[in-house]
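A short worksheet on the structure shown next.
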Amino acid sequence: MPSSDPSGPKRRGAHGNPPNRFGIPHHEPDYSQRDADELLQELQEVPTEYIPDRTRTVVTENASPDVGFRYSINPYRGCSHGCAYCYARPTHEYLGYGAGLDFETKILVKESAPELLREFLSRDTWRPEPIALSGVTDPYQPAEYRYRLTRGCLEVAAESGQPMAIVTKNALVMRDLDLLRPMAAASLVHVNVSLTTLDAGLCRSMEPRTSRPEARLRAIRVLAAAGVPVRVLIAPVIPGLNDSEIPAVLAAAKEAGARAATWVLLRLPLTVAPVFREWLARALPERRERIEGRIRAVRDGKLNQATFRVRMRGTGPLAEQIGKLFRLFAHKYGLDGELPPYDCSRFIPPLPRTGQLRLF
């Protein structure tokens, strides 16, 4: 069972911010004159701040050969799930924030995301292909309870027959079953559920504000029963920590109704590494050296590899062993195939909110 730090923020993956790599001033607080009990309570209760994001575009394009989609939407920047390993943490540094606690507590909200998606899909140049909901931060993180931007984007997609691929580790996805069921019947949606571990204690420590494993499995069951194609992602696989769970996770995913599965090796780019290492030393001090050693064993002695086609799978005998283990059990449980193809022929450009047709 991972240990916890009673003086640290409650249910947060990070307990501070590493210095911003772009040279933005880094402040170290001075607590020497503070009352101890008052300070302890203040440090434990770090609220989540929601900040309006006035972005003028919402669909982004990537050319990475490691990612299974070309276009994506992220309604939120930052993620209060607080996963200690989250590869998206460095994106907050571009905004002048920290990759640690700031990433979890300062959430930028793209309040116009559904309208911006509508504008994008109405372009004459758009040729329909799947768009991923997420890719950086979770579209069903706690902010979605309040802002419902992911649902708004799905409503636009359903109206126009636009195929969507959802990536989440939050059972809140079940809320939108009324949209997902008919979209699935029309071959317009896939849902990818990240299931990192079946150990509720490890999940609570490493992924503090997301759904517990049993809730994610329940979401898979509900989606599958409604005819929604579900793929399970064991992401990330952390050598020495959860790689031994691969067979059990795949068995549970199959029993819940998943149709396919894949995996991604832990990535620790840039300022993700100090956040993850701090969590590891705090939560699993007796296993820290062994886990770090295993991580280096699949990364040519380093903590990270940025090379395309290598960064998601690693190198060396241990990485090959993990890959073989996954393939063996994915085949055993019939999870080594693909999800049904999307039907892009149903696409019709959406009308503007006014309902007014364009003249040109």
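The values are calculated or read from the model by the stated rules, or taken from the named source; none is laboratory data. Fair warning: this is a prediction, and the values are worked out from it, not measured in the lab. Heads up, the Cβs are rebuilt from the backbone with ideal geometry, glycines too, and the neighbour counts pull from every protein chain shown.
Numbers below:
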read-out: Any hit, segment 330-349, residues being in contact (Cβ under 8 Å) with a residue 60 or more places away in the chain, more than 30 Å from residue 117 (Cβ to Cβ) and β-branched (Val, Ile, Thr); value: no
read-out: Those residues of segment 309-322 which are in a helix (DSSP H, G or I) and farther than 12 Å from residue 247 by Cα, in sequence order; value: 317, 318, 319, 320, 321
read-out: Residue 63 vs. criteria over 28 Å from residue 282 (Cα atoms) and surrounded by fewer than 22 Cβ atoms within 10 Å (Cβ to Cβ); value: yes
read-out: Scan of segment 328-351 for residues that are closer than 26 Å to residue 248 by Cβ and aliphatic (A, V, I, L, M), ordered by number; value: 328, 330, 335, 339
read-out: Hits in segment 176-205 (condition: assigned to a helix (DSSP H, G or I) and either among the polar types (S, T, N, Q) or modelled with pLDDT under 95 (or both)); value: 205
read-out: Within segment 241-273, considering residues that are surrounded by fewer than 19 Cβ atoms within 10 Å (Cβ to Cβ) and within 19 Å of residue 301 (Cα to Cα), the one nearest to the chain's Cα centre (by Cα); value: 264
read-out: Hey, residue 276 part of a helix (DSSP H, G or I), within 29 Å of residue 17 (Cβ to Cβ) and of a type in the set (Phe, Trp, Tyr) or not; value: yes
read-out: Some residue of segment 196-209 being within 16 Å of residue 260 (Cβ to Cβ) and crowded, with 20+ Cβ neighbours inside 10 Å; value: no
read-out: Hits in segment 291-307 (condition: more than 19 Å from residue 199 (Cα to Cα) and not in a loop (DSSP other than H, G, I, E, B)); value: 292, 293, 294, 295, 296, 297
read-out: Pairs with Cβ under 9 Å, 6+ apart, first in segment 131-152 and under 23 Å from residue 90 (Cα atoms), second assigned to a helix (DSSP H, G or I) and of a type in the set (Lys, Arg); value: 140/175; 144/151; 144/175
read-out: Any hit, segment 43-52, residues being among the β-branched types (Val, Ile, Thr), at pLDDT below 95 and more than 19 Å from residue 209 (Cα to Cα); value: no
read-out: Segment 228-273: number of residues that are among the small types (Gly, Ala, Ser) and not in a helix (DSSP H, G or I); value: 6
